[in-house]
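Participant: For reference, the structure I am asking about is given below.
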Amino acid sequence: MVSDLEKAVRADLQALIKEKNCHGIMVRVAWHDAGTYSKEDGTGGANGTQRFAPESGHGANAGLDIARNMCEDIKAKHPEISYADLYQLASVVAIEDAGGPVIPFRMGRKDADAPQCTPDGRLPDADKRMPHLRDIFYRMGFNDAEIVALSGAHTLGAAHKDRSGFDGPWTSNPNTFDNSYFKEIMKETPESGLLHLPSDKALLDEPECKALVETYASDQAKFFEDYAKAHQKLSELGAVWA
Ligand code: HEM
């Protein structure tokens, strides 16, 4: 049962995302909140600490103040929703609005306080390859197949020189959630104006990951099915439920 609060916040988020065309950054803000999780000690996760210093100032979070600030009007209108829920809901609404899969969503994450900010270095480095991606994603509790599926979120949005040092979108339709990311990264060199991060190309380094890239490139329904499961898991990492 979807609560009245969830319905109202979804409607406001959808209007905002449509107006600003900010699908990509809404997905990134939620991923960087949840992706700090460590299954080893239970720290980090989808708990809203990304809005506090020092986490807000970590290099990986550069530019995400834009997404958090856009969420503030909605938080002011619906103070009962936690920041942790708001960021995760913004991401699933953005993906649905962009034509992606419906991601099962559970409300009720509690916000943590500033002392629960995680140390820098929990999020992946785009200059690195598979051993690093495994270190980072295994720590969150994901496997290789989930790394490939989740990387498909780069179908949305773009990199920005002043945020990460990289530049440009991964696909020619960055506000549409589809399987075009996988088609693009299989190309030897990026099409003019498009981006391949070293960490995107890393997915082709291991035969099993490469096979999955090829599957997703030819079977969008399979990508959507696997993506929705992995994304729901991501959105609940470390969550403490009210
Ligand atoms: C953007 C790295 C995984 C969603 C970016 C950017 C980098 C990056 C460098 C550009 C940021 C900027 O300059 O604005 C990585 C690395 C990953 C990874 C190294 C490891 C596999 C993910 C995952 C998701 C995701 C798992 C979501 C499930 C996004 C989105 C954007 C983005 C949607 C576009 C943001 C925008 O349009 O402003 N990522 N990412 N990424 N990332 Fe990732």
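The values are calculated or read from the model by the stated rules, or taken from the named source; none is laboratory data. As the structure is a computational prediction, the values presented were derived from the model and not from experiment. Glycine gets a Cβ as well: all are built from the backbone with ideal geometry, and neighbour counts include every protein chain shown. When the accessible area is computed, the model is the full protein with side chains, heavy atoms only, and any ligands, DNA or RNA have been set aside. Shrake-Rupley method; radii C 1.70, N 1.55, O 1.52, S 1.80 Å.
Let's see how each residue does on (1) within 13 Å of the ligand (Cβ to nearest atom); (2) more than 27 Å from Y87 (Cα to Cα); (3) modelled with pLDDT under 95:
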position	(1), (2), (3)
Y138	yes, no, no
H154	yes, no, no
S180	no, no, no
K183	no, yes, no
E206	no, yes, no
A239	no, no, no
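Participant: Residue check, T215 against (1) within 13 Å of the ligand (Cβ to nearest atom); (2) closer than 21 Å to L156 by Cβ, all met but one. Which one?
Facilitator: (1)
Participant: Hey, another quick one. I'd like to check something: does segment 116-129 contain any residue that is away from the ligand (no atom under 12 Å from the Cβ), among the polar types (S, T, N, Q) and touching a Gly at 6+ places or on another chain (Cβ under 7 Å)?
Facilitator: Looking for residues that are away from the ligand (no atom under 12 Å from the Cβ), among the polar types (S, T, N, Q) and touching a Gly at 6+ places or on another chain (Cβ under 7 Å), one finds at least one in segment 116-129, hence yes.
Participant: Now for a separate question. Collect the residues in segment 141-167 that are part of a helix (DSSP H, G or I), open to solvent by 10 Å² or more (accessible area, probe 1.4 Å) and either of a type in the set (G, A, S) or closer than 22 Å to G121 by Cβ (or both), keeping them in residue-number order. Outline the logic, then answer.
Facilitator: So in segment 141-167, the residues part of a helix (DSSP H, G or I) come out as 144-155, 161-164.
Now narrow it down to the ones that are open to solvent by 10 Å² or more (accessible area, probe 1.4 Å): 144-146, 150-151, 153-154, 161-164.
Within segment 141-167, D144, A145, E146, L150, S151, A153, H154, D162, R163, S164 meet the criteria.
Participant: Regarding segment 56-74, can at least one residue be identified that is assigned to a loop (DSSP other than H, G, I, E, B), under 22 Å from H160 (Cβ atoms), under 17 Å from the mean Cα position of the chain (by Cα) and near the ligand (Cβ under 10 Å from one of its atoms)? Before the answer, list the steps.
Facilitator: Keep residues of segment 56-74 that are assigned to a loop (DSSP other than H, G, I, E, B), which gives 58, 62-63.
Pick out the ones that are also under 22 Å from H160 (Cβ atoms) and you get 58, 62-63.
In the following step, the residues that additionally are under 17 Å from the mean Cα position of the chain (by Cα) were identified as 58, 62-63.
If we keep only those that are near the ligand (Cβ under 10 Å from one of its atoms) as well, we get 62-63.
Within segment 56-74, one or more residues are assigned to a loop (DSSP other than H, G, I, E, B), under 22 Å from H160 (Cβ atoms), under 17 Å from the mean Cα position of the chain (by Cα) and near the ligand (Cβ under 10 Å from one of its atoms).
Participant: Among Y87, Y83, Y138, which is in contact (Cβ under 8 Å) with a residue 24 or more places away in the chain, open to solvent by 30 Å² or more (accessible area, probe 1.4 Å) and hydroxyl-bearing (S, T, Y)? Walk me through how you get there before you give the answer.
Facilitator: Working: Y87 fails: open to solvent by 30 Å² or more (accessible area, probe 1.4 Å); Y138 fails: in contact (Cβ under 8 Å) with a residue 24 or more places away in the chain.
Result of the check over Y87, Y83, Y138: Y83.
Participant: Here is a follow-up. Please find, within segment 186-217, the residue that is most open to solvent (accessible area, probe 1.4 Å) out of those that are more than 17 Å from W170 (Cβ to Cβ) and without any contact (Cβ under 8 Å) to a residue 24 or more places away in the chain.
Facilitator: Restricting to residues being more than 17 Å from W170 (Cβ to Cβ) and without any contact (Cβ under 8 Å) to a residue 24 or more places away in the chain, the top hit is P207.
Participant: A further question on this structure: Can you find a residue in segment 90-108 that is open to solvent by less than 10 Å² (accessible area, probe 1.4 Å) and more than 14 Å from the ligand (Cβ to nearest atom)?
Facilitator: no
Participant: Only one of these is touching a residue at least 24 places away in the same chain (Cβ under 8 Å) and either assigned to a loop (DSSP other than H, G, I, E, B) or surrounded by fewer than 16 Cβ atoms within 10 Å (Cβ to Cβ) (or both): P119, P124. Name it.
Facilitator: After applying the criteria, what remains is P124.
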